[in-house]
Amino acid sequence: MLNSINPTMKAVTIFVPGLLLAFVFDPFTPFVYLIFTIAMTFLLSDLSLKRWLLIFTPFVFVALSFSWMTMLYSSDTFSDGRILFSFWWFEVTEGALMVALSLGLRSLCLVALSLMFVLTTDSTKFMLSLMQQAKLPPKLTFGILAGYRFLPTFKHEMEVLRQAHKIRGVGRAKGIKGRIQQFRRYAIPLLANAIRKAERVAVAMESKGFTGSTERSHYHKMTVRKRDWVFLSAFVFVFFATVFASYMFGYLNIFGRQF
Amino acid sequence: MSNAWKLREIVLMSILGVVFGVIYLMFYFFGQGLRNVLAPFGLGPFGYEVIFGIWFIVSIITAYIIRKPGAALISETIAATIQVLIGSPAGPRLILSGLIQGLGAEVVFAATRWKNYNLSVLVLAGVSAAIFSFVWGWFISGFAALSTSMVLAMFIVRCISGALLAGLLGKWISDQLANTGVLRSYALGKEWQAKREQKAS
């Protein structure tokens, strides 16, 4: 079901709570929303839990590292409450711990939302939907799609370059200066080739009668249906419900102001 | 110079966006490595601040090569979109980040009415992108919870990174590309050609 939601609508669905979460500085709200997002991800799609965990787990460590820094260097607004423990020159207060937890959970929440999008969206369909629903100019859309299709060939070109260097006796670089030289030897030809490709694609598009007019027909028609709206409103609704619940329990904290 | 975009310029911009989208994603993982080294000291996020400038480089390169209004803004947004397409864990929110960073660079070019593209303008564009992205990061990552000195240190590191890795490196790469001759039909290549002819005569 997640796979068949209109990609643009799905992107908006992830945008809105993602932005609103930035206002909240208590651990409760992002925690509840994180659970909700993960539950929705697995209820509405047949993603394998193993694959999801493989991608998600590294971010737990990222979140921990961010929390750690926040806890040690939290601003005065948040470092109130009694001191929990101190070491070296750091003093960790209750408030600092709470805001650290909140920011860590927030970043995990954003990752979970993103994964829900990334793992269930076909990239071509996303571009086509951006053109048809978000009114992205066709010139740009097809330019990006063409570039996207070139990605696998870059890997091949890289290999060719490497072999060309090898056969001419240019070995691996040593030292910083050598590294910079090596970077230049690879980056400039690769980019130059990309630019040549861009030129060829543009000529090919024009010669096949592509005008870039928005009054065009589409082979793959992307539509927004009722359930796309239901999906969007459900996510926004649950966000506000969570905020309300956290207000009722007395946890809610918006930019350091306790409610 | 006319301000209307030609199809070949649009396609070039798209493809540069695609190429750098991939590079950005690689740096994302590189930054994660740096961060793991710094994390025990509670300085993890500095791993990203040091290399943050690289994420603005496509706006500098594209604006410098094509020299049309919107080049910096749109190319950066495309690069962000591509990262989403390849599957960056940062997700669609990244498109907004890209838009804001591109806007930061675009503002500087707009201030020169898209006429001046010398080194100082390019460096300034890199710094401006850093400032814009920092304000955005302050909001979305909750820097408000960090102490002022820490936020200030992060801000300064990011600005320097923007100046060097986006402004300076971006100009260097574009000049190297112009040297190969592939840019002949774009603004930078034309300027290059004119200079060469002047030298010859």
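Bear in mind these aren't lab numbers, they're just calculated from the coordinates by the rules spelled out. In this text, all values refer to a predicted model and were calculated from it rather than measured experimentally. We place every Cβ from the backbone using ideal geometry, glycine too, and count neighbours over all the protein chains shown.
Assorted remarks:
- All lysines inside 29 Å of A:LYS174 as judged from Cα atoms, apart from same-chain residues fewer than 8 positions distant: A:LYS155, A:LYS166, B:LYS171
- All Cα-Cα distances of segment A:150-207, cut into 10 Å bins from zero to the largest, leave 21, 42, 25, 10, 2 percent in each bin in turn.
- Phi to ³J(HN,Hα) by Karplus 6.51 cos²θ - 1.76 cosθ + 1.60 over segment A:174-185, Hz, x for Gly, Pro: 10, x, 5, 5, x, 4, 5, 4, 5, 4, 5, 4
- Considering only Cα atoms, the convex hull volume of segment B:7-200 works out to 117 Å³ per residue.
- A:ASP26 long-range amide H proximity, modeled H, under 5 Å: A:ASN253
- Annotation: lysines with alpha-carbon distance below 18 angstrom to A:LYS221 (same-chain offsets under eight excluded): A:LYS10, A:LYS125, A:LYS135, A:LYS139.
- Amide hydrogen neighbours beyond the local backbone of B:LEU146, cut-off 5 Å, H modeled: A:SER75
- With Cα atoms, 0 to 90° folded angle of helix B:169-180 axis to chain B main axis: 30
- The orientation-averaged projection of the convex hull spanning the C-alpha atoms of the protein assembly as shown amounts to 25.7 square nanometres.
- Phi to ³J(HN,Hα) by Karplus 6.51 cos²θ - 1.76 cosθ + 1.60 over segment A:118-129, Hz, x for Gly, Pro: 4, 7, 10, 10, 7, 5, 5, 4, 4, 5, 4, 5
- Candidate lysines for bridging to B:LYS199, where Cα separation is under 20 Å - those fewer than 8 sequence places away on the same chain excluded: B:LYS190
- Choice from B:ALA129, B:ALA72, B:ALA187 with maximal GNM fluctuation in chain B (Cα, 10 Å cutoff): B:ALA187
- When shorter helices are ignored and each DSSP H run of at least 4 residues is given -39500 (n - 2.57), the per-residue value for the protein assembly as shown at 222 nm works out to -24000 deg cm²/dmol.
- The calculated FRET efficiency for A:HIS220 paired with A:PHE23, based on their beta-carbon distance and R0 = 41 Å, is about 0.60.
- Inter-chain Cβ neighbour average for residues B:71-80, partner chain, 10 Å: 1
- Between 0 and 90°, nearest 10: helix B:71-86 axis offset from chain B longest Cα axis: 60
- Sequence-distant residues sharing a close amide H with A:THR93 (under 5 Å, placed H): A:LEU84
- Label-point separation in nm, A:PHE249 to B:ILE86, each point 7 Å along Cα→Cβ: 3.9
- Sequence-separation-based contact order of segment B:7-200, relative, with Cα cut under 8 Å and 6+ spacing, percent: 25
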